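**Q** Below you will find the structure I want to go over with you.
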Amino acid sequence: QVQLVESGGGLVQPGGSLRLSCAASVSSFSAYTMAWYRQAPGKEREFVAWITGGGRTNYADSVKGRFTISRDNAKNTVYLQMNSLKPEDTAVYYCSTARGVSNYWGQGTQVTVSS
């Protein structure tokens, strides 16, 4: 069974920073790619970033250069460092991973960027 729990969201002013965390209750955490997605009100869920077990990363163009995904395999945790936040980054952020044909999601954490 896979359980993902996100934390670290909140209200931040434009230009500010937040770090999201996702704690995973899974076996063989280091073997699997972990990803962050987000969903803004009235919009579809969209990809933000992923990181492989070996540390290779990929980002959506909208966050490239501002967000950094990382992982601590000893703690079964993946992070999303978000800098230079913009109002359009406001969304619920979800952690995700896949096992075979099944995709798993956390409950999400709200990020609001507003002055």
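The values are calculated or read from the model by the stated rules, or taken from the named source; none is laboratory data. As the structure is a computational prediction, the values presented were derived from the model and not from experiment. With ideal geometry, Cβ positions are generated from the backbone for all residues, glycine too; neighbour counts draw on all protein chains shown. The protein model used for the area step is the full one, side chains on, heavy atoms only, and it has no ligands, DNA or RNA in it. Shrake-Rupley method; radii C 1.70, N 1.55, O 1.52, S 1.80 Å.
**Q** Hey, which of the strands (runs of 3 or more DSSP E) in the range 5-115, taking only ones fully inside, have at least 2 residues that are open to solvent by less than 30 Å² (accessible area, probe 1.4 Å)?
**A** Here the list reads 10-12, 18-25, 34-39, 46-51, 67-72, 77-82, 91-99, 109-113.
**Q** List every residue pair whose Cβ atoms sit under 6 Å apart, with the two residues 6 or more apart in sequence or on different chains, where the first one lies in the range 33-48 and is modelled with pLDDT of 95 or more and the second, anywhere, is among the polar types (S, T, N, Q).
**A** Once the first residue is modelled with pLDDT of 95 or more and sits in the range 33-48, its partners that are among the polar types (S, T, N, Q) give Thr33/Thr52; Met34/Thr97; Ala35/Ser96; Tyr37/Ser96; Arg45/Gln39.
**Q** Checking the conditions here, which among Val92, Val101 is among the β-branched types (Val, Ile, Thr) and touching a residue at least 40 places away in the same chain (Cβ under 8 Å)?
**A** Only one candidate qualifies: Val92.
**Q** Is there any pair linking a residue in the range 55-83 that is under 21 Å from Ser27 (Cα atoms) to one that is in a loop (DSSP other than H, G, I, E, B) and β-branched (Val, Ile, Thr), with Cβ under 7 Å and at least six apart or on different chains, and which?
**A** Asn76/Val26
**Q** Okay, next question. For Val26, state whether it is under 26 Å from Gln1 (Cα atoms), in contact (Cβ under 8 Å) with a residue 60 or more places away in the chain and more than 12 Å from the chain's Cα centre (by Cα).
**A** Considered against the rule, which asks whether it is under 26 Å from Gln1 (Cα atoms), in contact (Cβ under 8 Å) with a residue 60 or more places away in the chain and more than 12 Å from the chain's Cα centre (by Cα), Val26 comes out as yes.
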